[in-house]
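Undergrad: Please find one structure pasted underneath; my questions will follow.
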Amino acid sequence: MIRQYELVEAVKAYDPDADEDLLNRAYVFVMKAHGAQTRASGDPYFTHPLEVAGILVGMRLDVATIVTALLHDTVEDTLATSEEIEQLFGKEVSFLVDGVTKLSQIQLQSDKTKQAENFRKLLVAMSSDIRVLLVKLADRLHNMRTLHYIKNEEKRKRIALETSEIYAPLAERIGMHEVKDELQDVAFGILHPDARESIVQRLDYLHEQSGDLTTPVIDELHEVLNENGLAAIVAGREKTPCSIWRKMKKKNVTFEQISDIVAFRIIVDTVQQCYRALGILHSTYPVIAQRFKDYISTPKENGYQSLHTAVIGPNQQRVEVQIRTKEMDEIAEMGVAAHWQYKQGTAHDGHQYRWLRDLLDILDTAEDPEDFLEHTKLEMFQDQVFCFTPDGDLITLPRGATTIDFAYAVHSDVGNHCSGVKVNGRIMPLRTEIENGDQVEVMTSKSQFPSPSWERFVVTGKARSSIRRYIRQQKRQQFIKLGKSLIQKGFKESKLNFEEKALEKALDEFQARNIEDIYAQIGEGLRTVPVLIRFLHPELPHELDLEQLSDGRERAISGSKEEALAISGLIPGMAVHYAGCCHPLPGDKIIGIVTTGRGVTIHTQECDSLNPLMDEPERWIDVAWNLKAAESQQHIGRLRVTLSNQPGAIAAITAAVAKENANITNLKIDHRSHDYYEFWMDLDVKDAEHLNSIVASLRSLKKVLEVNRAKS
Ligand code: MN
């Protein structure tokens, strides 16, 4: 356990300006906060944050990170609050501690591998600062080091699996190879104890048989370089049992066939010296062809730089060597943490988000090509939110996605029958935007269908195209119905008998697959009824002017082109009327009602006259205002007014209307008593909002008892 003065001295050794007081206060605070809590090992709990801080001190991270490491479990596990942390240790630290707390609250809830990549991204997306992730990784590292104290085997395995699937790859992707190796190896021991044990035994046997193979190689390499006038650090490190096992699996080789159990490293001061060291090795020992790689002139995507080579070295042993500078070595071992430490000078002036971006960059240039294709675009990733199903499956959606997008992401049937949603257990509107970490439950009902209005608040292509496909199918059904009734009417007017079967003769002519296609074409206005009748009955006298047949369309085009433009969602060419009962205005929610031979009548959705039509859903069409086109038209709004019977009352009303820049076009008194009048008033207005503001100003008049928009 690192003591208080040791911690401060270790930080001061690499950062002489470090805020000593802050470190001291955090140290004392965390001991008090965790008090008598203990770990599974029986140790006092506070040893854990101290060890985590120690790991990060080893990476030479800044004071805020070290203090965060000390405090990282206080908000979650003690009485300390985030406000208290901010008060005592400042905004930066409390922001970081909150970040770590948030990360600790998520657990891998499903062991499906395909979720792992998303989960790693969730962790990164929630780590608004790279230091949050570094503390989390150090936390996990110490927990893994002490995992064997946990008695419950299932829990141990779950944590090991999570480490192997999530945290170790994450550490690897951000270049922290040392941390990754250790995490992976401890997890390996828990998940595959027998495999690890057998590899450890063979390593022991190898050591026994051949003695220490590493030191003589290091000594000789050192000497060779020295003789050539190059001072270098030479080191050798045995691979972990886990990485040996992985190599055996990946290359399908036996333990004996693995030649590079020890990786040797030559560390020099400059890039030039790297190439010189390489030259010395290559002129001293036979080179194994095709093993040379120059990652200095072409670094790996995660920033890794080194020269790799293999020679038949001391004792005719095959030796793999990596040559690099000290800085390259730190980056190779500590990745992002090393970057942080090298660029710390610029980190405080608002550049911290660059670190997140760099990290995301690295994550996005994954080696797996499938991964690569899936997530090449960085923007794509930053624009994503991650949420869960009630079963804990993770779903990725673009930022701004709503619960409808979520429903369609689960399954198009779930989307098509979505009747309501719960977000984090609470019933919420369908248009609710999803946030990182939300748990979303979709309720479905067989009688629920997509509404055209949904399209206005979905952002995913899947949701949009499913809604459109559904609406299109609905429209086609309407066109078929309308077409059929138009044809029947046309036959009747021509005094012909209508038989559906007879239409089969026109299939080729209409390039239709079936009779429904013919109905749909007529309904949609692509063909006309007279053309159909003339084709089926060429024997009819020419003098009968078939063009005169009203199929409800020609009339419509001449009569109401403008109205038609102001409304979207209509069947092209159909006559349009605004209902006289409710006088819909732009801005009102509206609905179209089809009346055979009369076209479509537009009502407000509140109109009372819709009630008797409820059981004729085939006559309802979804329509909406085309606000641009509607703007250029005048619209009539109708009000029902009750006015007290006093002199000057009507004048007050006309003055108020004039003030609102509207005209009264009609006024009809239908009830008059001693005390009041009741009347209908039609006004020329721009839109619903205009009329609403007139209603408001009329209501403010003393003599006006009641004003309402007409509803029937
Ligand atoms: Mn912890």
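Undergrad: Please report the spacing between the Cα centers of segment 136-198 and segment 308-337 in Å, no decimals.
TA: Here the answer is 25 Å between Cα centres.
Undergrad: Could you calculate the contour length gain from Arg237 to Leu496, that is, 0.36 nm times the residue separation minus the distance between their Cα atoms, to one decimal place in nm?
TA: 83.6 nm
Undergrad: Write down the accessible area per residue of segment 194-305 in Å², having rolled a 1.4 Å probe over the full set of protein chains.
TA: 60
Undergrad: Net charge near Val641: determine it from the other residues with C-beta under 15 Å of the C-beta of Val641, scoring Lys and Arg +1 and Asp and Glu -1. Display every interim value, and only then the final one.
TA: On the way: positive: Arg638, Arg640, Lys668, Arg672, Arg699, Lys702, Lys703, Arg709, Lys711; negative: Glu660, Asp670, Asp675, Glu678, Asp682, Glu706.
The answer is +3.
Undergrad: What residues have an amide H closer than 5 Å to that of Gly420, excluding those fewer than 5 places away on the same chain, when H is modeled at 1.01 Å from N in the peptide plane?
TA: Met443
Undergrad: Let me know the charge dipole size of segment 641-712 about its Cα centre in debye, to the nearest 20, where only the beta-carbon of Lys, Arg (+1) and Asp, Glu (-1) is charged.
TA: In debye, rounded to 20, segment 641-712 gives about 140.
Undergrad: Here's a follow-up. Taking R0 as 35 Å, what's the FRET efficiency between Leu79 and Glu333 from their Cβ-Cβ distance, rounded to 0.05?
TA: 0.35
Undergrad: For Lys702, go through the lysines and keep the ones whose alpha-carbon is under 27 Å away, minus same-chain ones fewer than eight residues off.
TA: Lys659, Lys668, Lys686, Lys711
Undergrad: Taking 0.36 nm per residue of separation and subtracting the Cα-Cα distance, what length does fully extending Ser41 through Lys462 add? All intermediate terms of the calculation are to be shown ahead of the outcome.
TA: Values: separation 421, 0.36 × 421 = 151.56 nm, distance 5.06 nm.
In short, 146.5 nm is gained.
Undergrad: For Lys422 paired with Tyr205, estimate the spin-label separation in nm (one decimal), with each label point 7 Å from Cα along the Cα-to-Cβ line.
TA: 5.7
Undergrad: Residues with amide H under 5 Å of Thr665's amide H, sequence separation 5 or more or different chain, H placed in the peptide plane at 1.01 Å from N; which?
TA: Residues meeting the amide H criterion: Asp682, Leu683, Asp684.
Undergrad: Using the crude model of +1 on Lys and Arg Cβ and -1 on Asp and Glu Cβ, and no other charge, please compute the dipole size for segment 385-518 relative to its Cα centre, in debye to 20.
TA: Magnitude of the dipole: close to 560 debye.
Undergrad: Gln448 to Ala624: extension gain in nm, 0.36 nm per residue of separation minus the Cα-Cα distance?
TA: Between Gln448 and Ala624, full extension yields 61.3 nm more.
Undergrad: If I take R0 = 35 Å and measure r between the Cβ atoms of Thr270 and Glu9 in this structure, what FRET efficiency does the formula 1/(1 + (r/R0)^6) give, to the nearest 0.05?
TA: Using R0 = 35 Å, I get an efficiency of 0.65.
Undergrad: Could you sort the peptides 17-24, 529-536, 182-189 by per-residue average Cβ neighbour count (10 Å cutoff), highest mean leading?
TA: Per-residue Cβ counts within 10 Å, averaged per peptide and sorted highest first, yield 182-189, 529-536, 17-24.
Undergrad: Run the dipole for segment 12-76 about the Cα centre, Lys and Arg Cβ at +1, Asp and Glu Cβ at -1, nothing else charged, and hand back the magnitude in debye, nearest 20.
TA: Numbers: 5 positive and 10 negative charges, 42 e Å.
That gives segment 12-76 a dipole magnitude of about 200 debye.
The values are calculated or read from the model by the stated rules, or taken from the named source; none is laboratory data. Computed from a predicted model, the values in this text were never measured in an experiment. Note: ideal-geometry Cβ built from the backbone for every residue, glycine included; neighbour counts use all protein chains shown. For accessibility, only protein heavy atoms count, side chains too; no ligands or nucleic acids. Shrake-Rupley method; radii C 1.70, N 1.55, O 1.52, S 1.80 Å.
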